[in-house]
Amino acid sequence: MIKKILVSIIFLGLVFALLFSFRVIVSNQRPLSPLTFLNDSAWSELAEDPAVTYRGKIQYQLRCYKCHGFNGEGIDSFGKYHGVALNDSTWIYGSSYNAMLNTIYHGAGDMRGYGKKLIITDLHAITVYIKTLSESKPLNSE
């Protein structure tokens, strides 16, 4: 009986030690690497590539629509989305590709940054796609 109790105590101690070490490892997040910006010609090349725009659309649909809406409409009258509108010409944090990339990378306002979550090519693609949302705003059916 005492042997079973000792084995149980040792087992529980090992489980707690494992959980504690996992918590320590997870809490040591990697630092945010510095962001390097592209020049205008590089952005133009990315914007002309339909594969980049498509990749950005997919990444947007996976990550951004929950707050900004499927078409970048932002806050709607029903309160369904709570992010800013991305399909108009009003840009709070800048409308250049690099300003938009900086906002996506570091975050701004209530939005958390995606610099640690996504690879840089996905961030570039999302930036290109969001720029297309503002350039080709869908017509209202009102």
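No lab work stands behind these numbers, since they all come straight from the coordinates. Predicted model, so just to flag it, every value in this text is computed and none were measured. With ideal geometry, Cβ positions are generated from the backbone for all residues, glycine too; neighbour counts draw on all protein chains shown.
So how many Lys-Lys pairs in the chain land under 23 Å Cα to Cα, not counting same-chain pairs under 8 apart?
Pairs that pass both the separation and distance tests number 15.
Where in region 91-130 are there trypsin sites (Lys or Arg not before Pro) that are in a DSSP coil and have at most 11 other Cβ atoms within 10 angstrom of their Cβ?
Passing both the DSSP loop test and the Cβ count: 117.
For residue 114, enumerate residues with amide H under 5 Å from its amide H, sequence gap 5+ or separate chain, H modeled in the peptide plane.
105, 106, 107
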